[in-house]
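Just below is one structure, and these are the notes that go with it.
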Amino acid sequence: MKTLEKWNFAQSPHIPASCIRTLAEGGYLERAEPILLVGDPGTGKSHLATGLAIAACRQRRRVHFTTVAALVNQLVEA
């Protein structure tokens, strides 16, 4: 399972640990702010997104995990 505890911040110095820890607290959920993780393949976007989703679940929040491609398809179909 990809959790934030398993994320190696030392290998990704361009991703501030403080920013991810702040997101894990869930304030963005209360403010209804979207989170977008953008980057090249293999940079850990899915790991961080999964880790943030797990952090939200631990706070008893509902989550929905999707890819941009799936979201665009849903919007087109709607």
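Bear in mind that the values in this text are calculations on the coordinates, not laboratory data. Quick caveat: nothing in here was measured; it's all calculated off a predicted structure. Methodologically, a virtual Cβ is constructed for each residue, glycine included, from the backbone with ideal geometry; neighbour enumeration extends over all protein chains shown.
Listed values, structure above:
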quantity	calculated
Residue-averaged [θ]222 nm for the chain, counting only DSSP H segments that reach four residues, each worth -39500 (n - 2.57)	-13000 deg cm²/dmol
Residues residue 54 and residue 9, FRET efficiency given R0 of 22 Å [Cβ-Cβ distance, rounded to 0.05]	0.85
Top positive-direction residue, dipole computed over the chain with Cβ charges, set 50, 15, 76	50
Nearest-20 debye value, region 4-77 charge dipole, Cβ charges on Lys, Arg, Asp, Glu	280
Label assignment, Cα extents along the principal axes in Å derived from the structure, set (i) 34, 29, 20; (ii) 40, 26, 16; (iii) 41, 30, 23	(iii)
